[in-house]
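**Q** Below you'll find the structure I mean.
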Amino acid sequence: MLTVHHLGKSQSERIVWLCEEIEIPYELKRYARDSVTMLAPPEYKALHPIGAAPVITDGDLVLAESGAIVDYVIAKYGKSRLVLRADDPEFAQFLYWFHFANGTLQAGMGRLMLLNRLKLAEDNPMLVATRARIDRAFDLVDARVRDAEYLAGSTFTTADIMIGFSLTTMRYFQPYDLTRCPNVVKYLGRIGARPAYRRAMEKGDPGMALLLS
């Protein structure tokens, strides 16, 4: 059986959510972060050489990296649900936002988190530039979900699953004020109303407040 190794408050919530959306059988193994360092415990780091979430096992397979896992699960178990075909008019949008989630938004938020921990001066050029880049990224998402129900248009896809963590749980690590992004807040309301999302978050991080606004 497919096993999702879920580290609390991590990108592996994407995989739990995906499994709930496509309603496949899976085993969920939960791991708690160190209460002081907030890092993954040794047993999680030992799962894969990269030592980071997410990780799945499927028979002898051990696979990491969010996008790769999502593609694998959809291809093997999802019967191509939650993805768009190449002949769909919104196919390019689907691809763009699927990769934007980790390639631009999540990477930028992670970079800003590290810079903030360095206690740099507020006018530090790198800090200023990174904050501006994050603002542009959020503005782009806000504009997209102003004009479309979901990132790929009217259809919920894995692009929405990929970006969900960055817009929500990631803000436990790198806060971001969403009052400047009213359309993102409305979009998160639609995400938060999905039964599969609610099930996934309750199974993976029971009791955690969901940052949907």
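The values are calculated or read from the model by the stated rules, or taken from the named source; none is laboratory data. Everything quoted here is computed from the prediction, not taken from an experiment. Heads up, the Cβs are rebuilt from the backbone with ideal geometry, glycines too, and the neighbour counts pull from every protein chain shown. Side chains are part of the model used for accessible areas, which takes the heavy atoms of the whole protein and leaves out ligands, DNA and RNA. Shrake-Rupley method; radii C 1.70, N 1.55, O 1.52, S 1.80 Å.
**Q** Which FRET efficiency value, to the nearest 0.05, do you get for N124 and V185 by plugging their Cβ-Cβ distance into 1/(1 + (r/R0)^6) with R0 = 22 Å? Don't skip to the end; give the middle numbers.
**A** Details: r = 30 Å, r/R0 = 1.35.
Using R0 = 22 Å, I get an efficiency of 0.15.
**Q** Considering only protein heavy atoms, what per residue accessible area in square angstrom results for the range 1-70 with a 1.4 angstrom probe? Please report the intermediate quantities before stating the final value.
**A** Numbers: 3220 Å² over 70 residues.
About 46 Å² of surface per residue is accessible.
**Q** Just want the answer: with Cβ charges of +1 for Lys and Arg and -1 for Asp and Glu, which residue in I161, A137, M126 is farthest toward the dipole's positive end in the range 117-202?
**A** Towards the positive end, the residue furthest out is I161.
**Q** If one computes the Cα centroid of the range 146-194 and of the range 67-81, what distance in Å separates the two points?
**A** Rounded to whole Å, the Cα centres lie 21 Å apart.
**Q** Here is a further query. If R0 is 35 Å, what FRET efficiency do you get for L95 and L211 from their C-beta distance, rounded to 0.05?
**A** Working: r = 27 Å, r/R0 = 0.77.
After rounding, the FRET efficiency stands at 0.85.
**Q** Restrict the search to the range 150-182; then list the chymotrypsin sites (Phe, Trp or Tyr not before Pro) that DSSP places in a loop and that have at most 15 other Cβ atoms within 10 Å of their Cβ.
**A** Values: sites: Y150, F156, F165, Y172, F173, Y176; in loops: F156, F173, Y176.
Sparse-neighbourhood loop chymotrypsin sites (Phe, Trp or Tyr not before Pro): F173.
**Q** Can you give the net charge of the other residues whose Cβ lies under 13 Å from the Cβ of Y44, counting K and R as +1 and D and E as -1? Walk me through the numbers before you get to the answer.
**A** Working: positive: K9, K29, R30, R33, K45; negative: D34, E43.
Neighbour charge sum, excluding Y44 itself: +3.
**Q** At 1.4 Å probe size, with the rest of the protein present, what percent of the exposed accessible area of the chain is carbon and sulfur atoms? Let's see the in-between values first.
**A** Numbers: 5820 of 10390 Å².
Exposed carbon and sulfur together represent 56 percent of the surface.
**Q** List the lysines whose Cα lies under 26 Å from the Cα of K79, skipping any in the same chain that are fewer than 8 positions away.
**A** Partners within reach: K29, K203.
**Q** Here is a follow-up. For R33 paired with R199, estimate the spin-label separation in nm (one decimal), with each label point 7 Å from Cα along the Cα-to-Cβ line.
**A** 2.7 nm
**Q** The chain: longest stretch without exposed trypsin sites (Lys or Arg not before Pro) (DSSP loop, at most 15 other Cβ within 10 Å), sites themselves excluded? Mind dumping the intermediate values first?
**A** Values: sites that count: K79, R81, R85, K119.
That would be 120-213.
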